[in-house]
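Q: Starting off with a structure, shown below.
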Ligand code: SAH
């Protein structure tokens with residue numbers, strides 16, 4: 001048989017969406033317009049009444065799916081352009097499956113074109129909020145085509161795996177007992193308070209949206225019929241402002257309730273800590289918004305907010321140009337302060353508490369040491385002789401003992417920051433970077449201001465925050481962020497070749 005002999009009729013298998021004209025896609029609309037015959041369930045033909053004029057209409061009753069598919073294929077094989085309609089998406093519990101299966105079994109000369117549509121899970125979800133924003137499973141409770149024990153097995157598996165579950169065909173006129181049985185299965189793994197969304201006739205006349213609990217469903221208190229889609233939440237789904245939400249960002253990275261304890265063997269406390277950190281950073285990212293956009297500055301700001309829960313640091317933090325690069329290079333044993341030696345810079349701090357806040361697991365792999373000479377035996381004498389604070393004396397000692405190849409971190413005493421600036425002004429000592437974030441009411445703002453002003457003369461890179469806020473926790477957070485950056489992939493890779 002040559003190609004010309006073949007009948008080239010087309011069978012469009014068209015998903016109409018939930019029922020409103022707005023949710024019928026332009027492609028579906030074009031397929032209906034191009035067809036000279038339309039085949040479908042009578043109830044669905046009513047949904048597109050205004051598009052039927054002048055066409056051959058073949059209406060059938062519910063339950064005659066194979067008959068409808070066969071009729072549609074026959075018409076197309078006669079060379080006609082035919083649309084076989086389904087609600088929602090034709091390929092989801094719809095005529096797409098029936099037609100393709102029939103064609104595969106008996107063969108056809110017609111061209112099959114499946115046109116997607118908005119399925120009930122999507123339209124119901126939209127009415128409820130965002131209940132299927134994370135992994136979900138769809139299960140049809142119609143036991144006409146699927147044995148009940150198979151349905152139960154799938155419900156159990158979805159429940160155990162904590163999927164959000166969208167239930168299609170939850171009930172019919174004759175079949176009402178299953179939904180409560182399914183809810184019982186879900187209750188084995190889920191709280192009775194789990195939100196359950198009921199959407200009847202989404203985007204159609206008679207629409208009804210309700211949010212109940214899994215317990216209500218199990219007790220048969222939920223009003224459900226063959227036009228309802230039921231969406232059962234996962235362990236993370238919640239209801240807020242009347243919207244049912246399965247979170248994507250905040251909770252996605254956190255362990256499921258009770259899961260940490262039960263997974264004790266597999267999960268060390270360190271890994272659990274990492275997860276809490278990851279979740280905290282995800283929350284911070286969300287609330288922080290897009291600024292700062294520079295990834296390294298953002299890494300520093302995120303850590304500061306993590307240490308303080310104070311988002312004001314995002315606006316208050318000030319970096320001299322290249323400050324982060326200077327500190328990162330110093331920690332990697334690069335940059336001017338390293339000279340010819342490829343040794344990592346040390347950290348010198350004003351107080352012991354700041355030294356304790358520098359994370360060993362970040363500093364040690366890089367070979368970075370931290371010094372605080374506040375309690376050095378000579379500090380009290382220097383302090384007394386020169387009428388300066390012990391912190392300032394400790395800083396002066398550290399500058400002379402540890403040298404230039406240092407990152408200075410001041411988290412407490414403005415007098416130590418003033419001493420740092422004096423040493424830079426009056427001696428050849430040049431640290432790689434000064435992180436000056438002291439906290440308090442006396443001399444704090446002035447010392448930070450001076451750090452910024454003197455940069456134009458000294459050129460010593462700095463990181464500081466405006467105002468009174470600061471402290472050892474946030475200053476340690478800055479150092480840790482810099483150490484983390486130094487330990488990660490280089491920001492600028494050397495270009496190979498030339
Ligand atoms: N192919 C269709 C599903 C057909 S199975 C689709 O993709 O949406 C029939 C089931 O779909 C119904 O029992 C009901 O659970 C669901 N359904 C279809 N249209 C719906 C609507 N407008 N509102 C709520 N549920 C609907």
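Q: Is there a residue being within 15 Å of the ligand (Cβ to nearest atom) and within 24 Å of residue 233 (Cα to Cα) anywhere in region 92-111?
A: Yes, region 92-111 has at least one match.
Q: Let me ask another. Residue by residue through region 210-223, note down the ones that are within 15 Å of the ligand (Cβ to nearest atom), surrounded by 15 or more Cβ atoms within 10 Å (Cβ to Cβ) and over 16 Å from residue 125 (Cα atoms).
A: If the condition is that a residue be within 15 Å of the ligand (Cβ to nearest atom), surrounded by 15 or more Cβ atoms within 10 Å (Cβ to Cβ) and over 16 Å from residue 125 (Cα atoms), then 217, 222 are the ones that fit.
Q: Let me ask something additional. Would you kindly identify the helices (runs of 4 or more DSSP H) lying entirely within region 292-345 that contain at least 1 residues that are within 27 Å of the chain's Cα centre (by Cα), over 18 Å from residue 409 (Cα atoms) and at pLDDT 90 or above? Spell out the reasoning first.
A: On the way: elements: 295-308, 312-316, 323-331.
Of the helices (runs of 4 or more DSSP H) lying wholly inside region 292-345, those with at least 1 residues that are within 27 Å of the chain's Cα centre (by Cα), over 18 Å from residue 409 (Cα atoms) and at pLDDT 90 or above span 295-308, 312-316.
Q: Please note which strands (runs of 3 or more DSSP E) are completely contained in region 31-101 and include at least 3 residues that are buried (at least 19 other Cβ atoms within 10 Å of the Cβ) and in contact (Cβ under 8 Å) with a residue 60 or more places away in the chain.
A: By residue number, 81-86.
Q: Counting only residues that are in a strand (DSSP E or B) and within 12 Å of the ligand (Cβ to nearest atom), which one in region 194-209 is surrounded by the fewest Cβ atoms within 10 Å (Cβ to Cβ)?
A: In this case the residue turns out to be 208.
Q: Any residue that is closer than 21 Å to residue 225 by Cβ, touching a helix residue (DSSP H, G or I) at 6+ places or on another chain (Cβ under 6 Å) and not assigned by TED's automatic domain parsing to the domain that holds residue 177 - is there at least one of those in region 68-79?
A: So the first thing to find is which residues in region 68-79 are closer than 21 Å to residue 225 by Cβ, and the list is none.
No: zero hits.
Q: Moving on. Any idea which of 114, 118, 82 is modelled with pLDDT of 95 or more, more than 30 Å from residue 208 (Cβ to Cβ) and within 16 Å of the ligand (Cβ to nearest atom)?
A: Answer to the selection: 114.
Q: Quick one: what pairs do we get from region 159-170, first residue free of Cβ contacts under 8 Å to residues at least 24 places away in the same chain, second within 16 Å of the ligand (Cβ to nearest atom), C-beta under 7 Å, 6+ apart or different chains?
A: none
Q: Check 179, 167 and return the single one that is modelled with pLDDT of 95 or more, outside any loop (DSSP other than H, G, I, E, B), in the same structural domain as residue 216 (by TED's automatic domain parsing) and under 16 Å from residue 222 (Cα atoms).
A: 167
Q: Among the numbered conditions (1) within 19 Å of residue 299 (Cα to Cα); (2) at pLDDT 95 or above, tell me where residue 488 comes up short.
A: (2)
Q: From 408, 402, grab the single residue that is surrounded by 16 or more Cβ atoms within 10 Å (Cβ to Cβ) and modelled with pLDDT under 95.
A: 402
Q: Just to check your reading of the model, which residue among 127, 60 is in contact with a strand residue (DSSP E or B) (Cβ under 7 Å, 6 or more places away or on another chain) and outside the structural domain of residue 226 (by TED's automatic domain parsing)?
A: Criteria check complete, one pass: 60.
Q: Continuing with this model, one more query. Of everything in region 434-454, what is under 21 Å from residue 403 (Cβ atoms) and surrounded by fewer than 24 Cβ atoms within 10 Å (Cβ to Cβ)? Give them in sequence order.
A: Within region 434-454, 454 is the sole residue that qualifies.
Q: A further question on this structure: Go through region 129-152 and give me each residue that's within 11 Å of the ligand (Cβ to nearest atom) and buried (at least 19 other Cβ atoms within 10 Å of the Cβ).
A: 138, 139, 141
The values are calculated or read from the model by the stated rules, or taken from the named source; none is laboratory data. All values reported here derive from a predicted model rather than from experimental measurement. We place every Cβ from the backbone using ideal geometry, glycine too, and count neighbours over all the protein chains shown.
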